[in-house]
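Comments concern the structure below.
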Amino acid sequence: MAGGWTSDGAVQEQIDSSIEDAIARARSQLPRGESLMHCEECAALIPEARRTAVPGVRLCVACQSRRDQEQQVSSGYNRRASKDSQLR
């Protein structure tokens with residue numbers, strides 16, 4: 001049921017749009033190209049299994065884990081899509 005000036009599917013359209021944006025953001029962060037033999041940050045050897053599994057990999061597992069944690073903390077991405085947080 002729509003309220004005010006919104007159409008009946010406005011809420012679902014917003015949810016779909018948020019999901020599409022999140023997917024596009026995640027895909028843009030995937031590595032591309034040829035994998036490196038050594039980590040960009042610590043120069044550790046990247047195992048062949050990792051280079052094969054993740055084409056375009058540039059970091060070892062330890063450095064990638066650390067980067068993922070840093071991005072998660074500072075991301076500020078609204079995972080719940082609550083109305084209050086969208087208004088801020």
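Cβ separations smaller than 7 Å between residues 6+ apart or across chains give the following pairs from region 47-62 residues that are closer than 8 Å to SER35 by Cα and in contact (Cβ under 8 Å) with a residue 12 or more places away in the chain to residues that are of a type in the set (D, E, K, R) and in a helix (DSSP H, G or I): VAL57/ARG50; VAL57/ARG51. Looking across region 31-88, just one residue is among the β-branched types (Val, Ile, Thr), modelled with pLDDT under 90 and surrounded by 10 or more Cβ atoms within 10 Å (Cβ to Cβ), and that is VAL54.
The values are calculated or read from the model by the stated rules, or taken from the named source; none is laboratory data. Source: prediction; values computed, not measured. In this analysis, Cβ positions are derived from the backbone assuming ideal geometry, glycine residues included, and neighbour counts consider all displayed protein chains.
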